[in-house]
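Structure, as structure tokens:
Nothing in this text is a laboratory measurement; each read-out follows from the coordinates by a stated rule. Note that the structure is predicted; figures quoted are calculated from it, not measured. Reconstructed Cβ throughout: ideal geometry from the backbone, glycine too, with neighbour counts over all protein chains shown.
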Amino acid sequence: MFAKTSETTEHKHCVCGAEHKEIGNHKTEDADASKIFQAWESDSTLPGTKGRYYLTKDVVISETWQPADGTVLCLNGKTISMNAAKDAISVGKGETFILTDCKEAQGSITHRINSEATTYAGRGMSVAGTFTMYGGNITGSNLECNSNEVFGAGVYLARESG
């Protein structure tokens, strides 16, 4: 069973994207399984402040999005596309980010095609903190090798130096 948005733009569901009578081990901060998500209307930027958001349209970005610590984003069946050779989303050290998708036709985080007709290189996610994903896809990110460095792929998990 997938959550549905109402005609009044109220968007409610558990952080995992589903409707539950009991929410198990993935409680929201206030243990309210029907916490309301705010509509994100932009097609060229993503939220800069902590909150629970859902996309109302596909978003094309050209700078890495660094969600505020504690942000929850529902793709709502939409796509976030990076239009440059950069990471699409970066979660900082000590920070948390939850990605969810309440639609049966799952949305995506991806990279666009560049002027050479190849997919831009970059990571879908770069994670130094805590990243939890309940639905959606991270796809279409291209690897690029320069000297001894490899850049790109789906999800990059940073490690402590040393």
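Below 11 angstrom from the Cβ of THR64, what's the summed charge of the other residues (Lys, Arg +1; Asp, Glu -1)?
Spelling it out: positives minus negatives among the neighbours equals 0.
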- For the stretch 39-137, taking Cα atoms only, what is the radius of gyration to one decimal and the Dmax to the nearest whole Å? 12.7, 38
